[in-house]
Amino acid sequence: MKFYSTRNKNHLVSFKEAIFQGISPEGGLYNPAEMPNLSNLFNSMDEKTSFIDSSAMLASEILKDDLSADRVKSICEKAFPFSPEITKAGDNLFILELYHGPSCAFKDFGAFFLAAAMEELLAGDDRKAIILTATSGDTGSAVAQAFHNKKNIDVVILYPSGRVSPLQEKQLTTLGGNVTALEVKGSFDDCQKMVKEAFLCKELSKFPLTSANSINLGRLIPQSFYYVYAVNQLKRKYDNLVFTVPSGNFGNLTAGILAAKWGLPVKNFVAATNANKEVPEYLESGIFSPRPSLQTYSNAMDVGNPSNFERLKDIFNDDYKKMGEVIIGEWVTDDETIEAVKNFYAIKGSFIDPHTAVGYVASKRYIKKSGCFSTICSSKRNTAIITLSTAHPGKFLEVVEQATGIKQILPPRLEKILALKKESVLIDNTTDALKDYLQKKFS
Ligand SMILES: *Cc1c(COP(=O)(O)O)cnc(C)c1O
């Protein structure tokens, strides 16, 4: 399969080119140039197919022009020593836990696959890569851990000072080695803009810069794998499957949409946001008005101008009504988020993090609105709603404690990190500051 840029459909590239470029030369994002029907492949999987196997089956189909099935399988095995887990949260309501990887957030799936794929594709080349990435919290920790000590790869991470949780900050500032954390005096949108501009900057073109943000195709593709896994687990028991995706930059949701376009049987996607509700508004009105981001409890979703929106619009040919047939937008307030963390604990006796809580509220609204669970609907067990749980609740101790009054015990892999010493480089929120830093470090 080849990939085209959202800003120039005649510009076709291979998977390898797409992942090392990150963003296309005109500033566009790469999307698949074809939408093959893979229904037969999906039908050949069932609830016994392991996550690695279903992922490798799908990936070797999508990446067959670049990599043999054996190499794809080996990338999947290296990338995924962890797996998604499905738990039941009520009638027709499921949680797809995506936080069992090293950084305790779903971004591990994308970051670890990308790192393994880059290492595989660089082997036997004397090329190097510099990963430049902006984070609103969880990207940085997943990317830092995925690329830590990878050969021929340096990592520079930009994060907004004071706007990530204390634990997230430790996760990205304590690895050292080939990983540098730049603490930016500004917002996540500033960080994202600086990275975007750095990629387009002529003076920096001598460096092998590449991005590991959710705009990188190599992160996007693997994020489709757990939708496939979840469908395999539930398709025999339910006729209709709906995924609710807590969204910020909309990479996670876009990956699910791609899987559905390839023939994965999904009835609807619910795009759940916090008060940064630009996409739910677009789905209602057809008008997209990006704004500066608002700070909320679900901080990894505090995005006012989602980077994958361009990709999503491209997939639906700019037709918001077509998009609205598949994606339902819901936005959730901070109060509702806290209430949901509290209620979930009261009912289930376990914790969800504030991002998952946004999704959980949206899922419950979907149930109410769709009416498919009322007596009018013929079969109550017809539809399953699967809320993607994007982070371990332990990553958001303070908010969860505020909601439930209970202090969680951290998983050991997080506890360990808290004791380490933060090392970051403080910089201004301008592209010039970033340029200077990169010139000095890599010249
Ligand atoms: C990044 C992140 C999101 C948002 O994912 P997108 O792909 O950017 O929409 C949601 N929840 C958590 C915990 C995250 O880290």
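Averaging the sequence gap over all C-alpha pairs within less than 8 Å and six or more residues apart, then dividing by the number of residues, gives the range 256-326 a relative contact order of 28 percent. Per the Debye calculation on the chain with a single equal scatterer at every Cα and no solvent contribution, log₁₀ I(q)/I(0) for q = 0.06, 0.13 Å⁻¹ amounts to -0.22, -1.17. Note that the range 195-338 shows a convex hull volume over its alpha carbon atoms of 136 Å³ per residue.
Based on the mean of other beta carbon atoms within 10 Å per residue, what is the order of 241-247, 364-370, most packed first?
Values: 241-247: 28.3, 364-370: 16.4.
Taking the mean over residues of other Cβ atoms within 10 Å, the ranking is 241-247, 364-370.
Of the GluC sites (Glu not before Pro) found in the range 1-66, those that fall in a DSSP loop while having at most 15 other beta-carbon atoms within 10 Å are E26, E34, E47.
Packing order of peptides 410-417, 205-212, highest average first: 205-212, 410-417 (average count of other Cβ atoms within 10 Å over each peptide's residues). Peptides 269-276, 338-345 ranked from most to least packed by the mean count of surrounding Cβ atoms within 10 Å: 269-276, 338-345. Annotation: amide H-H contacts under 5 Å for G22 (H modelled 1.01 Å from N, sequence separation of 5 or more, or interchain): S211.
Computed on the Cα trace of the range 257-304, the radius of gyration divided by the Kirkwood hydrodynamic radius gives Rg/Rh = 1.07.
Over the C-alpha trace of the range 1-61, radius of gyration and Dmax come out as 14.5, 44 angstrom. Straightening the chain between D432 and K128 buys 107.1 nm, computed as 0.36 nm per residue apart minus the Cα-Cα spacing.
Pairs exceeding a 30 Å alpha-carbon distance, out of K16/K206; K416/K440; K9/K235; K193/K395; K185/K364; K88/K407: K416/K440; K9/K235; K185/K364. Applying 1/(1 + (r/R0)^6) with r as the Cβ-Cβ distance of S443 and R236 and R0 = 41 angstrom yields a FRET efficiency of 0.10. Farthest toward the positive end of the dipole of the chain, out of A403, Q21, A230, is the Cα of A230, where the dipole comes from beta carbon charges about the Cα centre. For the range 1-78 versus the range 343-374, the spacing of their alpha-carbon centroids is 32 Å. In order along the range 328-340, phi translates into HN-Hα couplings of 10, x, 9, 10, 10, 7, 4, 4, 5, 5, 4, 4, 5 Hz, rounded to whole numbers, per the Karplus curve 6.51 cos²θ - 1.76 cosθ + 1.60 with θ = phi - 60° and x for Gly and Pro.
With Cβ to Cβ distances under 11 Å as the rule, what net charge do the other residues near M1 carry (K, R +1; D, E -1)?
Details: positive: K2, K64; negative: E34, E61, D65, D66.
Charge balance near M1 sits at -2.
Taken one residue at a time, the phi angles of the range 352-359 give Karplus couplings (6.51, -1.76, 1.60, θ = phi - 60°) of 10, 7, x, 6, 4, 4, 4, x Hz. Gly and Pro are set to x. Between S74 and V425, the modelled labels are 3.4 nm apart [label points 7 Å from Cα along Cα→Cβ]. The trypsin sites (Lys or Arg not before Pro) of the range 109-167 that DSSP puts in a loop, and whose beta carbon has at most 15 other beta carbons within 10 Å, are R127, K128, K151.
Per-residue 3J(HN,Hα) values for the range 189-199, derived from phi via the Karplus relation 6.51 cos²θ - 1.76 cosθ + 1.60 with θ = phi - 60°, read 4, 4, 4, 5, 5, 4, 5, 4, 5, 4, 5 Hz in sequence order (x marks Gly and Pro).
Rule-based calculations on the coordinates, nothing more; no lab input. Worth saying up front: this structure is predicted, and the values here are computed from it rather than measured. Heads up, the Cβs are rebuilt from the backbone with ideal geometry, glycines too, and the neighbour counts pull from every protein chain shown.
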